[in-house]
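The values are calculated or read from the model by the stated rules, or taken from the named source; none is laboratory data. Note that the structure is predicted; figures quoted are calculated from it, not measured. Neighbour counts run over all protein chains shown; Cβ positions are idealised from the backbone, glycine included. Keep in mind that these areas ignore ligands, DNA and RNA; they rest on the heavy atoms of the full protein, side chains included. Shrake-Rupley method; radii C 1.70, N 1.55, O 1.52, S 1.80 Å.
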Amino acid sequence: MEIKERERTYSWGNPLEGVELSKSLSGLEYLLAMKRGEIPASPLINTLDFSIGEIEEGKVSFVLEPKEFHYNPNGSVHGGVITSLLDSAMGCTLHSLLPKGTVYTTLELKVNFLKRVHTGSGMLVAEGKVIHLGGTTALLEASLKDPKGATYAHAVSTCLILKNA
């Protein structure tokens, strides 16, 4: 059997530019500026080839069209890709609620993979939701769904909120 190589090229903006700008913007302002292309998106978005979906206060989504380069050796999208998508939706949902000078980091992350994701799955959307927002921690969830509403994966996360970071 002959192995045929495939190739993929992509680029990204300087993520440190966004870090500097984020110090003067609320989380929602920062995310909206990123969506408008005024500041570079996280390089992870380009690396994994997903895109920013909807952004509003307390709700952020990301979109993925599964591609062959997302695959694991079993011919399904690698769980790490799905986890990154869900983690991004949860983290940015929290970020959309944070005031200027406040950031977060993930303390705990749990993912349930419910259906096989592959190139035939079509466009999938990961949408984040806040379950609880406290002074120092937040509990979030996200689901990965197709346009018909079928759930492919679900995640929950606890984040630490860092003020004046």
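Points worth noting:
- Looking only at segment 151-165, and only at residues there that are open to solvent by 40 Å² or more (accessible area, probe 1.4 Å) and part of a strand (DSSP E or B), the one that is farthest from LEU85 (Cα to Cα): LYS163
- Checked against (1) in a helix (DSSP H, G or I); (2) modelled with pLDDT of 90 or more; (3) out of contact with any Phe, Trp or Tyr (no Cβ under 8 Å at 6 or more places or on another chain); (4) more than 17 Å from LEU94 (Cα to Cα), TYR30 passes all but condition (4).
- Against the list (1) open to solvent by less than 30 Å² (accessible area, probe 1.4 Å); (2) outside any helix (DSSP H, G or I); (3) touching a His at 6+ places or on another chain (Cβ under 8 Å), the condition VAL81 fails is (2).
- Failed item in (1) more than 17 Å from LEU98 (Cβ to Cβ); (2) among the β-branched types (Val, Ile, Thr); (3) part of a loop (DSSP other than H, G, I, E, B), with ILE39 passing the rest: (1)
- Screening LEU124, LEU64 for residues that are touching a helix residue (DSSP H, G or I) at 6+ places or on another chain (Cβ under 6 Å), of a type outside the set (Ser, Thr, Tyr) and open to solvent by less than 70 Å² (accessible area, probe 1.4 Å) leaves exactly one candidate, LEU64.
- Within segment 63-115, tally of residues that are farther than 19 Å from LYS145 by Cα and hydroxyl-bearing (Ser, Thr, Tyr): 5
- Near pairs, Cβ below 6 angstrom, 6+ apart or cross-chain, from segment 2-21 (closer than 19 Å to ASP49 by Cβ and assigned to a loop (DSSP other than H, G, I, E, B)) to any residue that is modelled with pLDDT of 85 or more and among the polar types (S, T, N, Q): TYR10/ASN46; TRP12/ASN46
- Flag if ALA89 is closer than 25 Å to GLU20 by Cα and at pLDDT 95 or above: yes
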